[in-house]
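The values are calculated or read from the model by the stated rules, or taken from the named source; none is laboratory data. Since this is a predicted model, take the numbers as computed values, not measurements. Cβ atoms come from the backbone with ideal geometry, glycine included; neighbour counts cover every protein chain shown.
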Amino acid sequence: MTLGVLSVLGMAFTMFAGFWTDWLWYRSVHYSSVFTTTLSTKIGLFFVFGLLMALAVGFNIWLAHRLRPPLSAMSMEQQSLDRYRMGIAPYKTWMLLAVTSLVGLIAGASASSQWRTWLMWVNGVPFHQKDPQFHLDVSFYAFDLPWYRFLLGFGFATAILCLIAAALTHYLYGGLRVTSPGARATAAATGHLSVLLGIFVALKAVAYWLDRYGLAVKSSDFKATGNWTGLRYVDANAYLPAKTILFCIAVICALLFFATLWRRTWQLPVIGFGLMVLSAILIGGLYPAIVQKFQVQPNEQAKEAPYVQKNLKATREAYGIDDAKVTEYAGRSTTADKTKLRDQVDDTASIRIMDPNVVSPTFQQLQQIKAYYGFPTNLDVDRYSTKDGKDQDTVLGLRELNLDGIPKNNWINDHFRYTHGYGVVAAKGTEADSEGRPVFIEKNLPSQGDLGTYKQQIYYGEKTTTYSIVGGPQKEVDYSDNEREKTTSYTGKSGVNLDNPINRAAYAVAFNEPQILYSGAIGKGSRILYNRTPKDRVEAVAPWLTIDGDAYPAVVNHRIQWIVDAYTTTNGYPYASRTTLGDTTADSLTATNNSRAVVAQQNQVNYIRNSVKATVDAYTGEVKLYQWDTADPVLKTWMKAFPGTVKPRADISADLMAHLRYPQDLFKVQRELLTRYHVTDAQTFLSGSEVWEVPDDPTNDSGSAVPPYYLSMKMPDQSAQAFSLTTTFTPNGRDNLSAFMAVDSDPRTNDYGKIRILKLPTNTTVDGPKQVQSQFNSESDIAETISLLSRGHSKVEYGNLLTVPLDGGLLYAEPVYVRGGSLKYPLLRKVLVTYEGKTAFKDTLDEALNEVFGVKSSTTPPETTNPPNSSNPTVRQALEDAQKAFDAGQQALKEGPDWDAYAKAQKDLQDALKRAEDAQSKADKTGDKNKS
């Protein structure tokens with residue numbers, strides 16, 4: 001007995017621990033309303049629908065028992081069931097409660113999972129757009145129809161369970177007979193079961209009526225277009241009238257079942273039910289097949305064209321591609337002046353030669369500094385202002401905590417001492433130094449450089465997947481300076497306070513870690529941090545959003561902020577074709593890095609908006625949601641359901657706005673749709689002659705789609721470069737180029753989100769990415785050089801193959817990295833460039849461009865001279881000291897400014913330069929003497 005009681009108490013506390021820790025976490029991030037609204041909705045649906053189901057089933061069992069015939073009328077068959085009736089007689093009340101409770105629990109649990117459907121129905125706002133068939137607002141299909149379908153499904157389940165329960169009760173108590181001669185059912189049983197069957201058929205009538213509207217969001221395979229959503233010719237001219245006729249038949253059949261209450265015979269309703277089934281086969285199945293075979297197939301394009309036109313319009317609107325501008329592009333340059341073309345390159349694009357998906361090991365080797373730090377597999381591209389105020393494409397990553405690299409793994413080290421990363425590391429995207437290394441604009445530990453001062457500790461990041469306990473008696477490792485370990489104690493307000501023993505016990509159970517309950521390392525002020533990745537935090541506080549696969553960091557208002565793009569979606573937009581997010585957003589990066597995959601991988605949607613921009617503070621973990629798409633009705637609906645959770649767009653600061661960008665996953669969804677939906681004419685769409693495809697990434701063997709690339713560039717109709725997201729298209733089944741697509745990704749411009757497509761002529765052939773890569777690999781000089789670079793244990797790695805429209809032609813540029821035998825990280829060694837069939841393979845981008853065009857740029861600034869280098873170790877050390885002193889002086893000016901520190905740095909700089917001058921002078925004199 002004692003063990004049993006303890007087991008029950010243990011299970012109860014385990015359930016309580018899960019609930020309590022969830023509540024504490026939501027309260028700690030100030031989104032407790034999300035937790036309470038979601039929980040109360042689930043509980044409400046559970047009890048309402050669970051109670052309805054239990055009452056319905058219980059009432060019908062009670063009614064069947066009450067309508068039982070007298071025992072004297074029982075047949076021999078029923079007398080054989082007497083022992084069962086006698087056996088359950090003392091417990092029939094308890095059995096009734098048990099059966100109704102069981103069905104109620106199952107129904108309630110099923111209903112509680114529909115909390116999103118309920119909230120969208122009760123809070124739905126209109127789209128102010130109507131479908132072309134029934135002229136109903138889109139909100140009916142997006143918010144209302146899913147709820148009506150759930151109610152209908154619940155009604156069917158209730159009717160069937162009540163029918164089964166009533167039939168079993170009638171049989172047990174003599175109302176129904178199976179083998180006995182004479183009447184098979186009493187009049188009371190006949191009436192009772194007929195009413196239940198009538199309700200079932202009436203629900204079927206409602207289903208037929210709703211199915212009419214469901215045709216507008218019905219998915220089907222259409223050989224001309226693939227996945228199809230909406231009405232086709234056969235739907236509008238066969239299925240739609242068939243559903244209406246079947247609705248009328250079902251209503252009549254239901255009335256015949258209800259009439260059995262007075263007629264006491266099943267003859268007419270059974271005949272009616274049989275006719276309904278036959279009608280469903282003939283009218284609902286055979287007739288549409290005949291229409292498809294003999295009316296549609298002989299002249300399919302003419303019959304389907306009006307419906308395809310509706311699908312084209314709806315799909316383009318639903319995915320935000322209706323304003324995509326398609327422009328004819330020659331594919332060949334007409335300018336003979338090579339100097340002018342060479343100058344246009346610098347004006348057209350800032351070609352990025354630092355590939356964020358290749359140079360992460362380089363960042364790791366040069367800037368990891370301590371083994372317990374690490375960088376993500378894929379770095380991010382952002383833009384930061386240079387000293388002259390211009391934006392510069394920048395490759396950056398955070399130096400996050402890497403528990404695998406700490407000196408010794410144990411519970412204290414893993415969760416108390418090593419708790420956070422430290423600092424941003426950033427490099428120019430368009431430059432490399434003479435050794436092929438990144439040109440860092442923010443580096444070292446603590447990080448210093450062009451990004452100014454900011455809070456450098458990183459408690460929340462993409463690699464931070466375990467919990468940490470901070471702020472208590474145990475000091476944390478901040479960073480090491482000259483082998484001296486600096487410690488800190490967390491002062492932020494995030495996380496959950498562990499002062500309370502109940503909290504400690506709850507987390508000990510929730511994390512299956514008993515030491516949380518009794519460890520002396522936890523004391524006054526201790527806080528537990530968990531759910532620490534940016535995507536997890538945003539998804540938790542806004543479970544109604546779909547999260548983009550790539551959260552990226554930015555220094556905003558002197559703090560490191562993770563920026564997370566989030567989407568509102570629905571699959572109820574009439575006539576808009578559906579797509580599966582996981583399949584559409586897959587590319588060569590997600591194939592090798594699952595963390596870049598979109599969160600809702602298998603979600604099928606036919607409407608998507610980047611409606612929310614979210615930020616997560618890397619130190620405090622604070623989550624902020626900002627309304628981005630102010631016209632999105634789906635977001636407005638959720639904002640009604642969860643008031644106060646989303647901040648207005650006006651609250652976005654100018655500093656944050658400078659780092660927002662067009663999200664990659666939305667772009668990938670749109671480019672996949674635009675492979676077919678770039679055309680606006682139904683006949684062209686049906687012919688399939690203009691179908692494109694996204695090419696495979698030619699730089700690796702993954703066989704997956706090429707990822708889109710961020711690049712500052714200028715499209716032909718733009719007057720200046722804009723931070724853009726770009727991709728290419730090839731014809732279906734071929735490798736030459738069909739089109740180039742770019743979207744303006746800088747929200748500070750009026751053209752943000754504008755999609756521009758340059759469509760190449762079909763009567764000429766322009767090399768696509770795969771052909772360009774093959775051309776690179778097949779040229780003998782290039783192949784020989786690459787073979788030389790690959791000698792020994794070296795490995796050649798290709799960077800992003802960038803495409804830039806230039807004066808009617810297409811310029812391709814690709815950095816080539818070499819991971820040397822002793823070096824474990826890639827260095828930029830060559831740059832491949834091709835334009836109009838001319839290819840160059842040089843050490844730098846400028847050299848490659850100069851060779852392709854045969855001239856040097858007239859706008860190239862004069863080369864800056866680097867500080868003198870010397871083989872003399874004394875001179876070299878003095879120059880390094882001078883550089884450090886100069887950097888320290890610049891940092892002192894940024895911080896405060898601190899004039900005392902600046903004066904000291906200037907003195908150190910003068911001393912170092914004097915030492916370098918003296919050492920070099922002495923070396924020169926020695927050299928002259930030797931020559932004499």
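Looking for whichever is part of a helix (DSSP H, G or I), modelled with pLDDT under 90, of a type in the set (D, E, K, R) and surrounded by 15 or more Cβ atoms within 10 Å (Cβ to Cβ) here; the options are R68, R116, R149, R85. Which one fits? Show your work before the answer.
Values: R68 fails: part of a helix (DSSP H, G or I); R116 fails: modelled with pLDDT under 90; R149 fails: modelled with pLDDT under 90.
Answer to the selection: R85.
With respect to the numbered conditions (1) crowded, with 17+ Cβ neighbours inside 10 Å; (2) out of contact with any Lys or Arg (no Cβ under 7 Å at 6 or more places or on another chain); (3) at pLDDT 85 or above, which one is the sole condition not fulfilled by S101?
(1)
Looking at K390 and the list (1) modelled with pLDDT of 90 or more; (2) farther than 19 Å from R437 by Cβ, which single condition is not satisfied?
(1)
Run W562 past the list (1) of a type in the set (F, W, Y); (2) surrounded by fewer than 24 Cβ atoms within 10 Å (Cβ to Cβ); (3) within 23 Å of S653 (Cα to Cα) and report the number of the one that doesn't hold.
Of the numbered conditions (1) of a type in the set (F, W, Y); (2) surrounded by fewer than 24 Cβ atoms within 10 Å (Cβ to Cβ); (3) within 23 Å of S653 (Cα to Cα), the odd one out for W562 is (2).
State all residues of the stretch 272-297 that are small (G, A, S) and touching a helix residue (DSSP H, G or I) at 6+ places or on another chain (Cβ under 9 Å); if no residue qualifies, say none. Full working, then the answer.
Our first condition is that a residue be small (G, A, S); within the stretch 272-297, this holds for 272, 274, 279-280, 284-285, 289.
Hits for the stretch 272-297 are G272, S279, A280, G284, G285, A289.
From the residues in the stretch 625-648 that are assigned to a helix (DSSP H, G or I) and under 21 Å from the mean Cα position of the chain (by Cα), which one is farthest from E690 (Cα to Cα)? Walk me through it before giving the result.
So the first thing to find is which residues in the stretch 625-648 are assigned to a helix (DSSP H, G or I), and the list is 633-641.
Filter again for under 21 Å from the mean Cα position of the chain (by Cα), leaving 633-639.
Working: P633: 33, V634: 33, L635: 35, K636: 37, T637: 38, W638: 39, M639: 41 Å.
Among those residues, the one meeting the criterion is M639.
Going by what's in this entry, would L802 be described as crowded, with 23+ Cβ neighbours inside 10 Å, touching a residue at least 40 places away in the same chain (Cβ under 8 Å) and aliphatic (A, V, I, L, M)? Spell out how you get there, then give the answer.
On the way: crowded, with 23+ Cβ neighbours inside 10 Å: no; touching a residue at least 40 places away in the same chain (Cβ under 8 Å): yes; aliphatic (A, V, I, L, M): yes.
No, not satisfied.
Any residue in the stretch 575-585 that is buried (at least 24 other Cβ atoms within 10 Å of the Cβ), more than 15 Å from the chain's Cα centre (by Cα) and more than 24 Å from Y709 (Cα to Cα)?
Within the stretch 575-585, one or more residues are buried (at least 24 other Cβ atoms within 10 Å of the Cβ), more than 15 Å from the chain's Cα centre (by Cα) and more than 24 Å from Y709 (Cα to Cα).
When the residues of the stretch 529-559 are filtered to those that are small (G, A, S) and crowded, with 21+ Cβ neighbours inside 10 Å, which remaining residue is nearest to A510 (Cα to Cα)? Quick ask: steps written out before the conclusion?
Applying the first criterion (small (G, A, S)) to the stretch 529-559 yields 540, 542, 549, 551, 554.
Now restrict to residues that are crowded, with 21+ Cβ neighbours inside 10 Å: 542, 549, 551, 554.
Values: A542: 22, G549: 28, A551: 28, A554: 33 Å.
Per the stated criteria, the residue is A542.
When you check F156 against the structure, is it of a type in the set (F, W, Y), in a loop (DSSP other than H, G, I, E, B) and on the phi < 0 side of the Ramachandran plot, yes or no?
In short, no.
Which residue pairs have Cβ atoms closer than 7 Å, lie 6 or more positions apart in sequence or on different chains, and pair a first residue in the stretch 724-739 that is within 22 Å of Q664 (Cα to Cα) with a second residue that is in a loop (DSSP other than H, G, I, E, B) and of a type in the set (S, T, N, Q)?
Cβ pairs passing all conditions: S724/S745; L725/S745; F729/S738; T730/N736; T730/S738.
For the stretch 518-549, which residues satisfy the criterion of being at pLDDT 90 or above and assigned to a helix (DSSP H, G or I)?
Matches in the stretch 518-549: P534, K535, D536, R537, V538, E539, A540, V541.
Right, D665: within 25 Å of T394 (Cα to Cα) and outside the structural domain of G572 (by TED's automatic domain parsing) or not? Show your work before the answer.
Working: within 25 Å of T394 (Cα to Cα): yes; outside the structural domain of G572 (by TED's automatic domain parsing): yes.
When the stated conditions are applied, D665 passes them.
Within the stretch 311-350, how many residues are part of a loop (DSSP other than H, G, I, E, B) and not acidic (D, E)?
Start the filter on the stretch 311-350 by keeping residues that are part of a loop (DSSP other than H, G, I, E, B), which leaves 319-324, 329-337.
Applying the additional criterion that residues be not acidic (D, E) yields 319-321, 324, 329-336.
Total satisfying the criteria: 12.
Check whether at least one residue in the stretch 169-191 is within 25 Å of S110 (Cβ to Cβ) and in a helix (DSSP H, G or I), and report yes or no. Reasoning before the result, please.
To start, the set of residues in the stretch 169-191 that are within 25 Å of S110 (Cβ to Cβ) comprises 169.
Subset that is in a helix (DSSP H, G or I): 169.
Yes, the stretch 169-191 has at least one match.
Restricting to strands (runs of 3 or more DSSP E) lying wholly in the stretch 452-507: which have 1 or more residues that are surrounded by 21 or more Cβ atoms within 10 Å (Cβ to Cβ) and under 27 Å from the mean Cα position of the chain (by Cα)?
Values: elements: 468-470, 476-481, 484-488.
Because the criterion is at least 1 residues that are surrounded by 21 or more Cβ atoms within 10 Å (Cβ to Cβ) and under 27 Å from the mean Cα position of the chain (by Cα), the strands (runs of 3 or more DSSP E) in the stretch 452-507 that meet it are 468-470.
Quick check on the stretch 181-198. Is at least one of its residues at pLDDT below 80 and among the polar types (S, T, N, Q)? Break it down stepwise before answering.
We begin by selecting, within the stretch 181-198, every residue at pLDDT below 80; these are 181-185.
Those left that are additionally among the polar types (S, T, N, Q): none.
No, every residue in the stretch 181-198 fails to be at pLDDT below 80 and among the polar types (S, T, N, Q).
Going through the stretch 359-408 one residue at a time, which ones are within 17 Å of Y422 (Cα to Cα), more than 27 Å from the chain's Cα centre (by Cα) and in a helix (DSSP H, G or I)?
Of everything in the stretch 359-408, those that are within 17 Å of Y422 (Cα to Cα), more than 27 Å from the chain's Cα centre (by Cα) and in a helix (DSSP H, G or I) turn out to be Q365, L366, Q367, D404, G405.
Given N557, N571, N503, N531, which one is touching a Gly at 6+ places or on another chain (Cβ under 9 Å) and either not assigned by TED's automatic domain parsing to the domain that holds T620 or not small (G, A, S) (or both)?
Details: N557 fails: touching a Gly at 6+ places or on another chain (Cβ under 9 Å); N571 fails: touching a Gly at 6+ places or on another chain (Cβ under 9 Å); N503 fails: touching a Gly at 6+ places or on another chain (Cβ under 9 Å).
Selected residue: N531, the only one of N557, N571, N503, N531 that is touching a Gly at 6+ places or on another chain (Cβ under 9 Å) and either not assigned by TED's automatic domain parsing to the domain that holds T620 or not small (G, A, S) (or both).
Go through the stretch 126-137 and give me each residue that's surrounded by 17 or more Cβ atoms within 10 Å (Cβ to Cβ) and closer than 19 Å to V634 by Cα.
Restricting attention to the stretch 126-137, the residues satisfying the condition of being surrounded by 17 or more Cβ atoms within 10 Å (Cβ to Cβ) are 127, 131-133, 137.
Within the stretch 126-137, F127, D131, D137 meet the criteria.
Which of (1) assigned to a loop (DSSP other than H, G, I, E, B); (2) among the hydroxyl-bearing types (S, T, Y); (3) surrounded by fewer than 24 Cβ atoms within 10 Å (Cβ to Cβ) does T419 not meet, given it meets every other one?
(3)
Where the second residue is small (G, A, S) and in a loop (DSSP other than H, G, I, E, B) and the first is over 9 Å from S611 (Cα atoms) and lies in the stretch 626-643, which pairs have Cβ atoms under 7 Å and are six or more apart or on separate chains?
These pairs meet every condition: T637/G124.
For the stretch 755-779, name all the residues that are of a type outside the set (V, I, T) and surrounded by 18 or more Cβ atoms within 10 Å (Cβ to Cβ).
Within the stretch 755-779, R756, L758, K759, L760, D767, G768, P769, K770, Q771, Q773, F776 qualify.
List pairs: first residue in the stretch 255-268 and in the same structural domain as L67 (by TED's automatic domain parsing) and assigned to a helix (DSSP H, G or I), second residue at pLDDT 80 or above and of a type outside the set (S, T, Y) anywhere in the structure, Cβ distance under 6 angstrom, at least six positions apart or on different chains.
Within 6 Å, no pair qualifies.
May I ask you to list the residues in the stretch 297-313 that are buried (at least 19 other Cβ atoms within 10 Å of the Cβ) and either among the aliphatic types (A, V, I, L, M) or within 19 Å of F200 (Cα to Cα) (or both)?
Within the stretch 297-313, V308, L312 meet the criteria.
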